[in-house]
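Visitor: This structure is in structure tokens; I'll ask about it shortly.
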Amino acid sequence: MISWKKEIIIPVNIEIIWTLFDIENMKRIMPQVIETKVLEKTDGIVGSTYEQTYQEGKRVEKYIVTDLEHEDTPERKHNKSGFTLAKMFEIETSFTLIKISENETKFLYSGQNKGTNFIARCMVKMMGNKKNEQVVTDFMERVKTEALKDKTGGK
């Protein structure tokens, strides 16, 4: 199993960053997720399900994402979701935004990826923490870059 927990400070208002996690903006921060369809939207968000289509190179995978936790207050935004990729990997991710000031937000990203069978567990081990660390860092930097674009009106 690989797990991660990383945080950065983004000099942007919490609400601007939070909108990047909306379905219509998701492609900006997750360009490999080429489509997201709402399957079921529940009151309070927890339990909502989505079908996502992910493309890496020529390979395309579809999987169902379920919201496991959700919080949306002026001071704190949080969403935890889980999905099984290619019937081999159980993945959970958690995004948390904490308001520091009107123009500063702490962004925490954590999660885990575990293999569901022997082959998948070996693949997770071979992937290693270093490659995963780079994927996590790249994602967080993309969120920061897109948030800064929105803060400055796309400049």
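The values are calculated or read from the model by the stated rules, or taken from the named source; none is laboratory data. No experiment lies behind these values; they were computed from the predicted model shown. Please note: Cβ atoms are built from the backbone with ideal geometry, for glycine as well, and neighbour counts cover all protein chains shown. What goes into the accessible areas is simple: the full protein's heavy atoms, side chains included, and nothing from ligands, DNA or RNA. Shrake-Rupley method; radii C 1.70, N 1.55, O 1.52, S 1.80 Å.
Visitor: Which residues, taken from region 100-128, are farther than 22 Å from Pro74 by Cα, surrounded by 13 or more Cβ atoms within 10 Å (Cβ to Cβ) and not small (Gly, Ala, Ser)?
Guide: Passing the criteria: Gln112, Asn113, Lys114, Thr116, Arg121, Met123, Val124, Met127.
Visitor: Over 19 Å from Gly111 (Cβ atoms), assigned to a strand (DSSP E or B) and open to solvent by 50 Å² or more (accessible area, probe 1.4 Å): is that true of Leu39 in this structure?
Guide: yes
Visitor: Next up: When you go through Trp4, Trp18 one by one, which is the residue that is assigned to a helix (DSSP H, G or I) and either of a type outside the set (Lys, Arg) or exposed (fewer than 12 other Cβ atoms within 10 Å of the Cβ) (or both)?
Guide: Trp18
Visitor: Moving to a separate point now. Looking only at region 129-155, count every residue that is farther than 20 Å from Pro11 by Cβ and either in contact (Cβ under 8 Å) with a residue 60 or more places away in the chain or touching a Ser or Thr at 6+ places or on another chain (Cβ under 8 Å) (or both) and tell me the total.
Guide: Taking region 129-155 first, the residues farther than 20 Å from Pro11 by Cβ are 129-136.
From what is left, the residues that are either in contact (Cβ under 8 Å) with a residue 60 or more places away in the chain or touching a Ser or Thr at 6+ places or on another chain (Cβ under 8 Å) (or both) are 129, 132-133, 136.
Residues that pass the stated criteria total 4.
Visitor: Here's a follow-up. Within region 77-116, track down each residue that is touching a residue at least 24 places away in the same chain (Cβ under 8 Å) and charged (D, E, K, R).
Guide: Answer for region 77-116, where residues must be touching a residue at least 24 places away in the same chain (Cβ under 8 Å) and charged (D, E, K, R): Lys77, Lys87, Glu90, Glu92, Lys99, Glu102, Glu104, Lys106, Lys114.
Visitor: In region 129-155, what residues are of a type in the set (Lys, Arg) and open to solvent by 70 Å² or more (accessible area, probe 1.4 Å)?
Guide: Filtering region 129-155 for residues of a type in the set (Lys, Arg) gives 130-131, 142, 144, 149, 151, 155.
Of everything in region 129-155, those that are of a type in the set (Lys, Arg) and open to solvent by 70 Å² or more (accessible area, probe 1.4 Å) turn out to be Lys130, Lys131, Arg142, Lys149, Lys151, Lys155.
Visitor: Answer with yes or no whether Gln52 is open to solvent by 80 Å² or more (accessible area, probe 1.4 Å) and either under 23 Å from Thr137 (Cβ atoms) or touching a helix residue (DSSP H, G or I) at 6+ places or on another chain (Cβ under 8 Å) (or both).
Guide: Spelling it out, it is not the case that Gln52 is open to solvent by 80 Å² or more (accessible area, probe 1.4 Å) and either under 23 Å from Thr137 (Cβ atoms) or touching a helix residue (DSSP H, G or I) at 6+ places or on another chain (Cβ under 8 Å) (or both).
Visitor: Something else now. Specify which of the listed residues (His70, His78) is farther than 17 Å from Glu7 by Cα, of a type outside the set (Asp, Glu) and in a strand (DSSP E or B).
Guide: His70
Visitor: Okay, next question. Criterion first (buried (at least 17 other Cβ atoms within 10 Å of the Cβ) and either of a type in the set (A, V, I, L, M) or within 28 Å of Met1 (Cα to Cα) (or both)) does Gln32 satisfy it?
Guide: Spelling it out, it is not the case that Gln32 is buried (at least 17 other Cβ atoms within 10 Å of the Cβ) and either of a type in the set (A, V, I, L, M) or within 28 Å of Met1 (Cα to Cα) (or both).
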